1. G20 - would you say it is buried (at least 17 other Cβ atoms within 10 Å of the Cβ) and of a type outside the set (K, R)?
2. Restricting attention to region 84-96, does a residue exist that is farther than 19 Å from S53 by Cβ and among the hydroxyl-bearing types (S, T, Y)?
3. Need pairs with beta-carbon distance below 6 Å; first residue of a type in the set (G, A, S) and within region 16-29, second part of a helix (DSSP H, G or I); sequence gap 6+ or separate chains.
4. Given the criteria more than 28 Å from T80 (Cα to Cα), among the aliphatic types (A, V, I, L, M) and touching a residue at least 60 places away in the same chain (Cβ under 8 Å), does A127 qualify?
5. Within the group I103, I139, which residue is among the β-branched types (V, I, T) and either in contact with a Lys or Arg (Cβ under 6 Å, 6 or more places away or on another chain) or free of Cβ contacts under 8 Å to residues at least 60 places away in the same chain (or both)?
6. Regarding region 133-144, can at least one residue be identified that is in contact with an Asp or Glu (Cβ under 9 Å, 6 or more places away or on another chain) and within 15 Å of Y88 (Cβ to Cβ)?
7. Mind counting the residues in region 23-61 that are exposed (fewer than 14 other Cβ atoms within 10 Å of the Cβ) and of a type in the set (S, T, Y)?
8. Quick one: in region 35-47, of everything that is touching a residue at least 60 places away in the same chain (Cβ under 8 Å) and either touching a helix residue (DSSP H, G or I) at 6+ places or on another chain (Cβ under 6 Å) or not hydrophobic (A, V, I, L, M, F, W, C) (or both), which residue is nearest to L119 (Cα to Cα)?
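Every number in this text was worked out from the coordinates using simple rules, so none of it is lab data. The structure presented is a predicted model; accordingly, all values stated were derived computationally and were not measured. Cβ atoms come from the backbone with ideal geometry, glycine included; neighbour counts cover every protein chain shown.
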Amino acid sequence: MATDSQNKWDWRAWAPSTIGGVLTVAQIVLLFFVQRDISGALRVLGYVAWGLSFIFGWLPIVTFRKKGGVAEGEAYIKTTRLVDTGIYAIVRHPQGGTAWLLICLSCILLSQHEWVLALALVTGAIAYLDTYQLDKRCIAKFGDPYREYMARVPRVNPIAGLIRLARRGGRGASAS
């Protein structure tokens, strides 16, 4: 049963992602005003990163709805079960980490401007550091099974996640 301290809203837990979100929007807006003439390869890489950010951003919504034990009418993040399959077999934080970092990378590649680079570096650092808080909240919610999941699945690195998944024979969860 949840205690009052677990149910109490703490602005310090949400401030980094809120500030990072505002800075991300600023990057995207700046992207339209300060683009430089860039090579075709960088532009393509920027759009690929942008497209991947959508995949890593939207798949968790579907996955949590299907496998997270979310009650009817509740927000998709209100999971009652640890999900370690699908996108969550590749990275632990597909939205709050991987997608966010990919958006930062795409803005850098598409703009080639120092203001966007500066915002992306700050936002990327906030995004990555925020994943530590997300892990703490998940440990508090799911306990040792989440710690075991952390040992199997990387925080935000999809390449390492795919390699680890292949080594496990394509199984999201450990053999049990």
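1. Judged against the criteria, G20 is a match.
2. Yes, region 84-96 contains at least one residue that is farther than 19 Å from S53 by Cβ and among the hydroxyl-bearing types (S, T, Y).
3. S17/D130; G20/T123; G20/I126; G20/A127; A26/L119
4. no
5. The unique qualifying residue is I139.
6. Among the residues of region 133-144, not one is in contact with an Asp or Glu (Cβ under 9 Å, 6 or more places away or on another chain) and within 15 Å of Y88 (Cβ to Cβ), which makes the answer no.
7. Qualifying residue count, region 23-61: 2.
8. The initial filter retains those residues of region 35-47 that are touching a residue at least 60 places away in the same chain (Cβ under 8 Å), namely 35-36, 38, 42-43, 45-47.
From the residues that got through so far, the ones that are either touching a helix residue (DSSP H, G or I) at 6+ places or on another chain (Cβ under 6 Å) or not hydrophobic (A, V, I, L, M, F, W, C) (or both) too are 35-36, 42-43, 45-47.
Values: Q35: 14, R36: 16, L42: 19, R43: 19, L45: 19, G46: 16, Y47: 19 Å.
Among those that are touching a residue at least 60 places away in the same chain (Cβ under 8 Å) and either touching a helix residue (DSSP H, G or I) at 6+ places or on another chain (Cβ under 6 Å) or not hydrophobic (A, V, I, L, M, F, W, C) (or both), it is Q35.
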